[in-house]
1. For the stretch 130-184, which residues satisfy the criterion of being basic (Lys, Arg) and under 21 Å from the mean Cα position of the chain (by Cα)?
2. Filtering the stretch 52-103 down to residues that are assigned to a loop (DSSP other than H, G, I, E, B) and of a type in the set (A, V, I, L, M), which residue is farthest from the chain's Cα centre (by Cα)?
3. I'm trying to understand the selection: among the residues of the stretch 177-197, which are touching a residue at least 40 places away in the same chain (Cβ under 8 Å), over 25 Å from Glu106 (Cβ atoms), in contact with a Ser or Thr (Cβ under 9 Å, 6 or more places away or on another chain) and of a type outside the set (A, V, I, L, M)?
4. In the stretch 289-344, what residues are touching a Leu at 6+ places or on another chain (Cβ under 7 Å), free of Cβ contacts under 8 Å to residues at least 60 places away in the same chain and surrounded by 17 or more Cβ atoms within 10 Å (Cβ to Cβ)?
5. When you go through Glu159, Glu125, Glu96, Glu165 one by one, which is the residue that is without any contact (Cβ under 8 Å) to a residue 12 or more places away in the chain and over 23 Å from Phe199 (Cβ atoms)?
6. Checking Thr166 against (1) modelled with pLDDT under 95; (2) outside the structural domain of Ile243 (by TED's automatic domain parsing); (3) surrounded by 18 or more Cβ atoms within 10 Å (Cβ to Cβ): exactly one of these is not met. Which one?
7. Within the stretch 205-232, which residues are within 21 Å of Pro262 (Cα to Cα), aliphatic (A, V, I, L, M) and modelled with pLDDT of 95 or more?
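The values are calculated or read from the model by the stated rules, or taken from the named source; none is laboratory data. Values in this document were obtained by computation on a predicted structure and should not be read as measured data. Every residue, glycine among them, receives a Cβ derived from its backbone with ideal geometry; neighbour counts consider all protein chains shown.
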Amino acid sequence: MKKIGIIGGGQLGKMMSLEAKKMGFYVTILDPTPKSPAGQVADEQITANFFDSEKIEKLVRNVDVTTYDLEHIDIKTLKRLYNEGYEIHPSPYILEIIQDKFAQKEFLRSKGIPVPRYKLVTNLEKDVEEFSFPVVQKARKGGYDGRGVFVIKNKADIEEALVGETYLEEFVPIEKEIAVMVARNKKGEVKCYPVVEMFFDEEANICDTVIAPARIEKKFEKRTKEIATSIVEAFEGIGVFGIEMFLTKNGEILVNEIAPRPHNSGHYTIEACVTSQFEQHIRAIMNLPLGSTKLLTPAVMVNLLGEKDYHGTPKLIGLENALEIEGLSLHFYGKKETRPFRKMGHFTVVDDNVETALEKALRAKKILKVVSEEVSSCRK
C-alpha cells in the first residue's frame, strides 16, 4: 500500500485524506492540533508543529509522497529532503517562492505573466508617491484569509500601515474577482477546471461565495485558462494549484495570488465536477492519469464562517431548514473551536440554472450559522 504524508490537518487535508483513502492509500497527517479535522479520518497523525524539523523529517522518510495543505511550513527541511530524492509535491522550491508574495510577483513577471504594478517598500512615505491613492500594501510573508493586506486611502492612513517587510500594489479597478484550479502530474499532463467568480466578506476580507461557472465572456474564460496553465507549467508544478485573478474594468486579466494546493475556490468541484480538486490532487502527486474536469452542473459554494460574537465549542444552527433546500450539500469540518470569521465549513448548492443556484445559496446563508455556547467578551 502506497503511503501519503500531508503536512497540515485542516479542512483541505481532511478532504484530501478522504479521497486518498477511497483510492486505497495510507495517509499520515502532521498537525499541531490533536485529532485535527484531517487526523479524524486519516490512518495516523503525528502531532507536531509545522516547523518541527525532526517530526517533518520522520513523516517524509516514512511515506512515499509528501504534500501539504498550507504554505507556512518548514521549507528548509523540506528542501533538504527533496534534494535527497524524497517525493514532495508541489516542490518546496515552488513553495519558497509562493511563501514570499513579492518573490511570487517577481517570478510571475519574469515569465511574462500579467500582474498588477507593484513595488518593494523601502520608504513607505516616498514609495506611495509612485502610486495614486488608494494603494494596496501587502505583507511579503504570513498573510492569508485577508490578513496582511491594508488599503492606504490617503496620506493619513500611512500611520496605520502594516509593519515589517511589505510591498505596494496598485489598486486595480475590478469588474470581477475570478479563479481557476489547474492540475499537473509528473508526466506533464495538465488540466484546467472551469473559471469561477469569487465574492468576499467585506468585513473579514475572506472569500465568501464562489459561483461556477463564472458569468464572463468566452474570450475572458479562454484567456484566464491560458494564463493559469502557463503559470503551472512555468513552475513545473505537480499537484493542484489555485490561481486567483482580477478581471479589470478595461478587460485585462491580472494575476493576484497562487495557492500551491487545493483551494477554497475549488470546493464546488466535489459536487459539480466529474473529478473533485481533492481527488485530482491525489492523482497528480501520485503521478496517476488526471481525471475529467468537466462541469456537470452549475454550482454555488458558500463558506460557513464563525459568527463574529462567538468563540468556543462550535454549534451549527439551521441545519434542518437548510437541508430542505434542494441541491444543497453541507461540509462541516470538525474543528474543535469556532472564532469570529474562522472557516468552519461550507455548503454547495447545485442547480441546472446558475442564478437559481445562487438564489438558493443566499437563502441558505441566512439560515445556517456557526455559533457557540460561549459568547465572546465583546458581546458581554
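1. The initial filter retains those residues of the stretch 130-184 that are basic (Lys, Arg), namely 138, 140-141, 147, 153, 155, 176, 184.
Hits for the stretch 130-184 are Lys138, Arg140, Lys141, Arg147, Lys176, Arg184.
2. Filtering the stretch 52-103 down to residues assigned to a loop (DSSP other than H, G, I, E, B) leaves 52, 62-64, 69-74, 84-86, 89-91, 100.
Adding the requirement that they be of a type in the set (A, V, I, L, M) leaves 63, 70, 73.
Values: Val63: 25, Leu70: 8, Ile73: 15 Å.
That would be Val63.
3. Lys191, Tyr193, Pro194
4. Matches in the stretch 289-344: Ala322, Phe332, Arg342, Met344.
5. The match here is Glu159.
6. So Thr166 meets the others, but not (1).
7. The first filter runs over the stretch 205-232 and keeps only residues within 21 Å of Pro262 (Cα to Cα), leaving 205-214, 221, 224-232.
Those left that are additionally aliphatic (A, V, I, L, M): 206, 210-212, 214, 227-228, 231-232.
Val210, Ile211, Ala212, Ala214, Ile227, Ala228, Ile231, Val232, listed by residue number.
Residue-by-condition table, conditions (1) surrounded by fewer than 17 Cβ atoms within 10 Å (Cβ to Cβ); (2) over 30 Å from Ala214 (Cβ atoms):
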residue: Gly85; (1), (2): yes, yes
residue: Ile98; (1), (2): no, no
residue: Gly112; (1), (2): yes, no
residue: Tyr118; (1), (2): no, no
residue: Pro134; (1), (2): yes, no
residue: Val182; (1), (2): no, no
